[in-house]
Amino acid sequence: MAGKILLTGRSGALASALAPLLPGNTLVATSSGCGGAESRCLPLDLLSADKFDYGILDKGDIVVHAAAVSAPDVCRDRPDMAWAVNVEGSSRFIESCLNRGARVLFFSSDTVYATGGEAKIYEDSPC
């Protein structure tokens with residue numbers, strides 16, 4: 001097993017469901033505030049991904065990246081900001097994690113398959 005696990009997107013539905021299932025060596029990176037003196041919580045602003053302390057990551061650590069702007073109304077009303085966070089910021093964050101030797105598990109909340117939920121979807125299914 002790897003050393004540490006870093007979970008991003010603490011206040012989102014996916015990360016909040018995953019957090020209780022992860023081991024005690026899990027760190028949480030969030031832009032929503034850490035609340036108190038929680039030592040396992042680190043600030044992360046994907047608009048300024050270069051300011052994150054990547055020095056906490058070692059080769060073989062696992063990053064579970066679930067942070068994003070996913071509210072449809074925010075994405076519709078502020079597409080430039082959503083792009084800056086979800087694409088540009090996430091890309092810089094993931095690249096920096098990989099450069100430290102961490103392994104990254106990336107989640108996306110976007111729907112890219114227009115199946116109506118009736119067909120099974122596989123990785124090689126057309127978008």
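The values are calculated or read from the model by the stated rules, or taken from the named source; none is laboratory data. This one's a predicted model, so the numbers in the text were calculated from it and none came from an experiment. For neighbour counting, all protein chains shown are included, and Cβ atoms are generated from backbone atoms with ideal geometry for every residue, glycine included. Accessible surface is based on the protein model in full, side chains and every heavy atom, while ligands, DNA and RNA are left aside. Shrake-Rupley method; radii C 1.70, N 1.55, O 1.52, S 1.80 Å.
Overview of results
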{"quantity": "Selection status of L42, at pLDDT 90 or above, among the aliphatic types (A, V, I, L, M) and within 19 Å of R92 (Cα to Cα)", "calculated": "no"}
{"quantity": "Residue within the range 97-112 that is modelled with pLDDT under 75, of a type outside the set (S, T, N, Q) and exposed (fewer than 12 other Cβ atoms within 10 Å of the Cβ) present", "calculated": "yes"}
{"quantity": "Residue check, G24 modelled with pLDDT under 90, surrounded by fewer than 13 Cβ atoms within 10 Å (Cβ to Cβ) and within 17 Å of G9 (Cβ to Cβ)", "calculated": "no"}
{"quantity": "Yes/no for G36 being open to solvent by less than 60 Å² (accessible area, probe 1.4 Å) and either modelled with pLDDT of 80 or more or at positive phi (or both)", "calculated": "no"}
{"quantity": "Conditions (1) out of contact with any Lys or Arg (no Cβ under 9 Å at 6 or more places or on another chain); (2) open to solvent by 30 Å² or more (accessible area, probe 1.4 Å): number failed by S90", "calculated": "(2)"}
{"quantity": "Failed condition for A82, given (1) touching a strand residue (DSSP E or B) at 6+ places or on another chain (Cβ under 8 Å); (2) of a type in the set (A, V, I, L, M, F, W, C); (3) open to solvent by less than 20 Å² (accessible area, probe 1.4 Å)", "calculated": "(1)"}
